[in-house]
Amino acid sequence: MIQIGILVSVRGSNLEAILSAAQNKFITKGEAAIVLSNKPKALALGIAEKYGVAGMTVDDHGFSKKSWEYDQKVIAELKSHGVTPNNGLIILAGYMRIVSDQFIDEYHNRIMNVHPALLPSFPGLEAQRQALEHGVKIAGCTVHFAEKTVDAGPIILQAQVPVREDDTVESLSSKILREEHRIYPEAVRLFTEEKLRVEGRRVVIAS
Ligand code: GRF
């Protein structure tokens with residue numbers, strides 16, 4: 001059984017989509033071992049509690065946005081909950097920190113992220129606004145393995161969302177979020193069923 005650690009900061013709707021998928025037996029080969037927040041008041045911690053999953057805060061107050069010193073504290077907690085580099089999967093779900101290079105190396109191709117754009121377009125903050133301002137006709141979201149460059153890394157799944165003339169950042173964000181909630185649990189399921197193989201930049205999905 002793959003042990004899953006979910007890192008969160010704020011709202012936790014993707015966390016809920018994944019925990020619900022596990023509860024509904026859509027994900028059966030992985031179990032949520034720990035939900036870890038860098039912010040003490042994250043709503044996501046309440047979601048962990050609702051699903052009976054251990055939740056905790058490793059407060060990042062005083063640490064820079066990207067810090068190996070901070071990440072070592074996170075890794076110690078992950079390991080003590082069984083989320084190891086051999087048997088673990090780490091899910092970044094609205095985690096507002098940059099994972100350090102050493103963390104990426106230690107859990108190579110075992111850290112997933114969701115980004116609200118069709119990468120490699122519009123990495124970084126406010127991706128939905130960037131897409132609208134650029135005038136794209138198709139927006140969407142991406143689940144990918146994390147690598148040392150932010151919002152990069154081998155792409156696992158993507159979903160597209162048509163942009164309407166009257167879309168606002170809010171309306172587009174909510175349409176994209178619905179797709180995130182669909183493809184993130186699917187990516188976790190594929191990983192836990194050992195159906196993902198990384199070949200260079202490509203992720204090959206076994207049928
Ligand atoms: C999502 O839009 C995700 O793409 C981005 O941060 C947001 C997190 O939302 N990385 P939630 O905390 O999962 O509700």
Verdict on residue 99 being more than 16 Å from the ligand (Cβ to nearest atom), modelled with pLDDT of 95 or more, in a loop (DSSP other than H, G, I, E, B) and surrounded by 21 or more Cβ atoms within 10 Å (Cβ to Cβ):
no
Got a sec? Which helices (runs of 4 or more DSSP H) wholly within the stretch 10-91 have at least 3 residues that are within 16 Å of the ligand (Cβ to nearest atom) and in contact with a Ser or Thr (Cβ under 9 Å, 6 or more places away or on another chain)?
43-50
Residues within the stretch 40-72 that are open to solvent by 40 Å² or more (accessible area, probe 1.4 Å) and either in contact (Cβ under 8 Å) with a residue 40 or more places away in the chain or farther than 22 Å from residue 13 by Cβ (or both), tallied:
10
For residue 169, indicate whether it is modelled with pLDDT under 95 and hydrophobic (A, V, I, L, M, F, W, C).
no
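The values are calculated or read from the model by the stated rules, or taken from the named source; none is laboratory data. All of these numbers come straight from a predicted model, not from anything done at the bench. Reconstructed Cβ throughout: ideal geometry from the backbone, glycine too, with neighbour counts over all protein chains shown. These area figures cover heavy atoms from the full protein model, side chains too; ligands, DNA and RNA do not enter into them. Shrake-Rupley method; radii C 1.70, N 1.55, O 1.52, S 1.80 Å.
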